[in-house]
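First up is the structure itself, then whatever we jot down about it.
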């Protein structure tokens, strides 16, 4: 590789100057994705997929504690099933991709490539549920979905095909279903805050923004570096809407026939893009330790006469620290500086530098990815120090992101203040009357600001609606969003 090519491998724009270009460079140069010939469909490369597996492992373990079982349902959904629930199909119509032919033969009925699986799954649920003893039915699947309609794809954030889990559950009563809705939302908050080090805003979506066919939707929302909002995950209370359409009923203890109460919930690979965007800096990725497949990289400083000794010690350290997924970069055709830059670009939380002088002193130079701070650490205390530093990096990254979010939320009383705050790229907290007309007018007059969610904790006394001046019904978050 030519020297010039090596220099071009780094990030060439500042995150604050051109976020879109910065993000595009980071996800490619850090080897997270590869573009394909189909717009909006990407290759998720091994480094990114390992991070998705971290989310899978954490969340799968938690939902299994609740009694949820994994299954798999078909990718293709007959048109007659998709159209059974009218609000649902209307909500997804623009996004549905259809299979119409096999070879040169036209199919008798179009098949939808799943945008979500309610309809195909509930066709089975009606066969499986007969009695209260069959409830609750708690099923999840890890799969891909396709949603076609949008103009500007953004890898991880807005893609036509993405990976997710979708939980679909059926309950004997509303109380049991409602409890689950919020349990799942709390798990999503844990994924973002405890694994990804991303603070969230929890709340209920407005009727206009809720999932098509749901009674209500709760969500976790977060702020991008460019001031836009992004929805991280959702949990939906479907009520008995789908149960009545699909005939999912059961005989209860009182021997009466009743419809089940249903929920659905999901988190996607969008979560990875959120993490990359929020934590990354001008050097590239900054990966929270709990999400990093490789938490430590050892970069030996190699000279001809001391190479063997340094490498021997580096290999000993790698073996000793193997629980951290250590990478030993012993390539001798790249300079130490080049290697430092590459591993910073890829976001490895801790870098250990080991040269002949370090070897003589019985120590290494430890560098943190989040702050860039360096310190000398003796071999004897290295394991303990790394654990401490990784814990501190995780905490520091969350606190930094939390401070950013908090400092960019503005509570306003007038629509003039509202427009000014939105123009400045802030989240706005304001009173709203609950009317869809006001919601739509606010969006139109601000160039796209919409309701995010209604915080569960509401003040005892609300002021006037920020737009129409009538009595406020909710205090909630507004922002422009992805």
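Worth pointing out:
- Whether segment 409-479 is rounded, prolate or oblate, judged on the alpha carbon gyration tensor where a/c under 1.5 counts as rounded: prolate
- Segments 452-463, 17-28 sorted - mean Cβ within 10 Å per residue, highest first: 17-28, 452-463
- 0 to 90° range, to nearest 10: angle between helix 19-29 axis and the chain longest Cα axis: 60 degrees
- Volume of the Cα convex hull of segment 294-388, divided per residue and given in Å³: 87 Å³
- Cα gyration tensor shape of segment 88-133, rounded if a/c is under 1.5, else prolate or oblate by comparing a/b with b/c: oblate
- The C-alpha atoms of the chain define a longest principal axis, and helix 336-345 lies at about 10 degrees to it.
- log₁₀ of I(q)/I(0) at q = 0.07, 0.08, 0.11, 0.17 Å⁻¹ - segment 10-279, Debye sum with one point per alpha carbon: -0.27, -0.35, -0.66, -1.43
- Each residue, residue 143 and residue 319, gets one label point 7 Å from its Cα in the Cβ direction; the gap between the two is 4.7 nm.
- Between residue 70 and residue 105, the modelled labels are 3.5 nm apart [label points 7 Å from Cα along Cα→Cβ].
- 0 to 90° range, to nearest 10: angle between helix 118-128 axis and the chain longest Cα axis: 70 degrees
- Look at the alpha carbon pairs under 8 Å that are at least 6 residues apart: their mean separation over the length of the chain gives a relative contact order of 14 percent.
- Ordering 52-65, 198-211 by mean Cβ neighbour count within 10 Å, with the highest value first, yields 198-211, 52-65.
- Bridge type composition, segment 409-479 - antiparallel percent by DSSP, nearest 5: 75 percent
- Put in line by how crowded their Cβ is, counting other Cβ atoms within 10 Å and starting with the fewest, 258, 253 read 253, 258.
- Entry note, the chain: the mean residue ellipticity at 222 nm calculated from DSSP H runs of n ≥ 4, each adding -39500 (n - 2.57), is -10500 deg cm²/dmol after division by the residues and rounding to the nearest 500.
Rule-based calculations on the coordinates, nothing more; no lab input. In this text, all values refer to a predicted model and were calculated from it rather than measured experimentally. Counting neighbours? That spans all protein chains shown, and the Cβs are built from the backbone with ideal geometry, glycine included.
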